[in-house]
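First comes the structure, then the notes that go with it.
The values are calculated or read from the model by the stated rules, or taken from the named source; none is laboratory data. No experiment lies behind these values; they were computed from the predicted model shown. Positions of Cβ are backbone-derived with ideal geometry, glycine not excepted, and every protein chain shown enters the neighbour counts.
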Amino acid sequence: MDFVIFILAMGGLIFGADFIVNQSERIALRFNISEFIIGSTLIALGTSLPEMAASMAASFDNKPEIAIANAVGSNIMNITLVLAVIFIISKPFKPTRDFFAKDSIWALMPILIFLLMSIDGEIGKFDATLLFVLMFAYLLFLFEDSRSTELDEVDQELKKDFSWIKSIGLLLIGFVMVVVGASFAIDSASNIASSFGVSQWLIGVVVLAFGTSLPELIVSITAVIKGKVGMAIGNIIGSNLANTTMVIGAAAMVNNLEINLHTYHYDLALMTVATIMLIYITSNKLYSKPAGISLLIVLSLFLYEKVYPVIPVTVVTTS
């Protein structure tokens with residue numbers, strides 16, 4: 001039954017993502033806002049709702065390690081899986097926006113601040129407030145930057161046929177389908193994992209992180225198929241910043257989050273390395289299939305470290 005629920009949930013994610021991409025594009029055209037800005041704000045915050053809900057629930061249940069593992073694992077998945085898929089399935093492209101000069105630092109800054117906050121072993125409410133302020137600073141930067149950004153000629157027919165009621169309605173339906181679909185996908189995947197005897201920690205850092213990254217994955221793939229690569233990349237950068245600031249911050253507001261840097265050193269180091277790879281890719285404009293394959297290699301290392309040790313090994317002996 002869990003397999004059936006998982007398939008239906010994926011269907012909800014796909015249709016919901018299609019609504020989100022279509023209506024977000026219309027709203028962007030209505031206000032002459034670039035696709036990247038829409039992707040890194042409206043879509044990024046919307047697709048980060050599953051992470052926020054899961055981490056807040058884990059914090060409420062006094063499971064701080066799950067709340068943190070979800071955010072960290074989602075950041076890793078977004079770069080090494082979602083961004084890798086974007087590069088692999090998309091045609092060669094040259095984005096008009098300089099992601100390195102304008103956006104890459106915003107992918108690394110919250111991680112460095114989060115690591116600094118974690119040195120004392122706890123993320124408290126004061127830390128959470130500072131993380132919220134950092135997210136606000138990013139949004140402020142984007143909207144100020146959008147004023148000086150020259151946009152290409154847009155489809156006037158799409159602007160002419162714009163309807164607030166229709167766009168907002170379909171956008172809300174899309175977000176509901178994505179969030180609900182992700183929720184059922186997470187629950188069914190967790191049940192499937194539990195049936196195979198997988199630990200709760202592994203479920204949090206891999207299965208839960210993958211499940212809550214499904215909205216970013218589906219929305220980004222849908223955007224790339226529609227030729228909106230800038231929107232897809234904006235979704236990744238914005239989602240990772242939201243994970244580190246809004247998701248961890250919201251969870252810390254529920255209960256203080258205890259964290260041991262030594263215990264989580266591999267996951268935190270891999271998240272940092274993946275982000276540095278993102279900066280390197282944007283600085284050299286390596287938006288290509290080889291870059292995607294390189295990111296998948298990092299994902300393979302992550303999964304090998306986390307999954308392989310718990311795979312039962314049957315030793316066949318002969319008498």
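One table, with the values for the structure above:
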item	result
Residues within segment 246-282 that are within 26 Å of I297 (Cβ to Cβ), buried (at least 17 other Cβ atoms within 10 Å of the Cβ) and small (G, A, S), tallied	1
Identity of the residue in segment 19-62, surrounded by fewer than 19 Cβ atoms within 10 Å (Cβ to Cβ) and charged (D, E, K, R), that ends up farthest from L261 (Cα to Cα)	R30
Residue match in segment 220-228 (condition: touching a Phe, Trp or Tyr at 6+ places or on another chain (Cβ under 9 Å), hydrophobic (A, V, I, L, M, F, W, C) and crowded, with 19+ Cβ neighbours inside 10 Å)	no
Unmet requirement for T245, which otherwise passes all of (1) within 21 Å of I279 (Cα to Cα); (2) polar (S, T, N, Q); (3) free of Cβ contacts under 8 Å to residues at least 12 places away in the same chain	(3)
Helices (runs of 4 or more DSSP H) wholly inside segment 206-292 that include at least 1 residues being farther than 16 Å from F114 by Cβ and touching a Leu at 6+ places or on another chain (Cβ under 7 Å)	209-225, 229-242, 265-283
Top-ranked residue in segment 27-41 [being more than 26 Å from M246 (Cα to Cα) and either in contact with an Asp or Glu (Cβ under 9 Å, 6 or more places away or on another chain) or assigned to a helix (DSSP H, G or I) (or both); ranked as modelled with the highest pLDDT]	R30
Any chance L202 is over 15 Å from V21 (Cβ atoms) and surrounded by fewer than 24 Cβ atoms within 10 Å (Cβ to Cβ)	yes
Answer residue from segment 42-65, given it is modelled with pLDDT of 80 or more and touching a helix residue (DSSP H, G or I) at 6+ places or on another chain (Cβ under 6 Å) and is nearest to D145 (Cα to Cα) among those	M52
Evaluation of T282 against (1) within 19 Å of N70 (Cα to Cα); (2) in contact with an Asp or Glu (Cβ under 8 Å, 6 or more places away or on another chain) (one fails), failing number	(1)
